[in-house]
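What follows is one structure encoded as structure tokens, with my remarks underneath.
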Amino acid sequence: MRLKSLHHVKFQVNDLATTEKFAQDFGLITVEICPDRLIMRTNGGDSYAYVAERGDAAVFTGFAFEVESEADLEEAVRVHKASPIRTLDMPGGGKAVTLTDPNGIAVDLIHGVARIPPGEAYAPLMLNSPLNYVREGRFEPKRPLGPAKLFRIGHVGLFIPSFMATLPWYVDVLGLIPSDVYHLPGQPGIRIVGFLRLNRGEELVDHHCVALMQSRGGETACHHISFEAQDFEAQFMSHRYLESKGYELVWGVGRHPHGSHVFDVWRDPDRNRFETFTDTDRLRASDGTRVHGIHEVEMDVWSSDPPDRYFA
Ligand SMILES: [Fe+2]
């Protein structure tokens, strides 16, 4: 199977209206809201990237990858025991199958979902530096304070009970490649965290589309979902905007040393973590895997250790 990209995430939430308000302030755009379902997209041309259904419990209900062809869906059914191919009742149409990871997480594969024209971006940042003053003789305009323009969903972080028992499925079935993997102190064979990227051969892809993190209490859950903003200027301004609206900050703005991306993480009304990212490393399939002791790794090169609330 040839995965093209992460396509969307799905949640069940307590109240669609408060979820929509937060998500709009975060930067997502409403495609459809009805009593039972909220569908939202980014500014980057996807038909949708986030789906919420109303329910009594707030739970993560899965995520989806776009695949290269319908033959990939047929292969998923034939080789990996995916559910039968179904037609999607969603914006942009298309077809899908559902796989289930070793922890019971639903992973959909979809094909044939139409895209829409992307929205406008801000003028690219031009940064003056002592090595190269690129802006000369002009007063630089500032962007308006408001929700971030988001361009695509980039990755999901998952809490899983056992990294070692989960990793083979993501490698063997989805074909993902570990970028950075972390082991327990002094025990290189016992790995507990990993960032996995798509296998697109020599095409460049994000450092990770899935992060697998072994949970302390054995639970399976979504740790965070992450959308690409235009640049770190957009993230700092989004941070200030979300703060002005009284939302709960988790962690940021910071920069991860592995993957290099600038991150900013907030909580939605159901306490799900929503992240913006920019400036991630882009790798080929041939760029390999790094292995680290988890105790040797900083998580933010700009400031602090991760707050307990990042993992709680
Ligand atoms: Fe992330």
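Observations on the model:
- Residues in the stretch 80-119 that are without any contact (Cβ under 8 Å) to a residue 40 or more places away in the chain and not small (Gly, Ala, Ser): 81, 84, 85, 86, 87, 88, 89, 95, 97, 98, 100.
- Residues (of a type in the set (Asp, Glu) and open to solvent by 50 Å² or more (accessible area, probe 1.4 Å)) located in the stretch 27-70: 32, 36, 53, 56, 68, 70
- Applying the criterion of being in a loop (DSSP other than H, G, I, E, B) and over 19 Å from residue 197 (Cβ atoms) to the residues of the stretch 249-275, the residue that is most open to solvent (accessible area, probe 1.4 Å) is 271.
- Of all residues in the stretch 72-91, exactly one satisfies the criterion of being hydroxyl-bearing (Ser, Thr, Tyr) and under 11 Å from residue 112 (Cβ atoms), namely 87.
- Enumeration of residues in the stretch 243-272 that are under 14 Å from residue 154 (Cβ atoms) and within 11 Å of the ligand (Cβ to nearest atom): 256, 259, 261, 262, 263, 264, 265
- Matching residues in the stretch 1-47 - criterion: being of a type in the set (A, V, I, L, M, F, W, C), more than 22 Å from residue 111 (Cα to Cα) and either assigned to a helix (DSSP H, G or I) or over 17 Å from the mean Cα position of the chain (by Cα) (or both): 13, 16, 17, 22, 23, 26, 33, 34
- Counting only strands (runs of 3 or more DSSP E) wholly contained in the stretch 88-194, no element carries 2 or more residues that are within 25 Å of residue 253 (Cα to Cα) and more than 20 Å from the chain's Cα centre (by Cα).
- Among residues of the stretch 197-214, those that are outside any loop (DSSP other than H, G, I, E, B), within 21 Å of residue 287 (Cβ to Cβ) and either out of contact with any helix residue (DSSP H, G or I) (no Cβ under 6 Å at 6 or more places or on another chain) or open to solvent by 50 Å² or more (accessible area, probe 1.4 Å) (or both), counted: 5
- Output for the stretch 226-242, where each listed residue is open to solvent by 10 Å² or more (accessible area, probe 1.4 Å) and within 12 Å of the ligand (Cβ to nearest atom): 228
- Considering residues of the stretch 149-168 that are buried (at least 19 other Cβ atoms within 10 Å of the Cβ) and away from the ligand (no atom under 16 Å from the Cβ) only, the residue farthest from residue 296 (Cα to Cα): 149
- Screening the stretch 136-148 for residues that are surrounded by fewer than 21 Cβ atoms within 10 Å (Cβ to Cβ) and at pLDDT 95 or above and picking the one that is nearest to the ligand (Cβ to nearest atom) gives 147.
For every residue, the table says whether it meets (1) part of a helix (DSSP H, G or I); (2) at pLDDT 95 or above; (3) open to solvent by 70 Å² or more (accessible area, probe 1.4 Å).
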| residue | (1), (2), (3) |
| --- | --- |
| 277 | no, yes, no |
| 280 | no, yes, no |
| 298 | no, no, yes |
| 302 | no, no, yes |
| 310 | yes, no, no |
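- Qualifying residue in the stretch 74-89 (condition: within 30 Å of residue 232 (Cα to Cα), more than 16 Å from the ligand (Cβ to nearest atom) and open to solvent by less than 60 Å² (accessible area, probe 1.4 Å)): no
- Test for residue 220: is it open to solvent by 10 Å² or more (accessible area, probe 1.4 Å), touching a residue at least 12 places away in the same chain (Cβ under 8 Å) and farther than 21 Å from residue 280 by Cβ: yes
The values are calculated or read from the model by the stated rules, or taken from the named source; none is laboratory data. In this text, all values refer to a predicted model and were calculated from it rather than measured experimentally. Every residue, glycine as well, gets a Cβ built from its backbone with ideal geometry; the counts of neighbours run over all protein chains shown. Side chains are part of the model used for accessible areas, which takes the heavy atoms of the whole protein and leaves out ligands, DNA and RNA. Shrake-Rupley method; radii C 1.70, N 1.55, O 1.52, S 1.80 Å.
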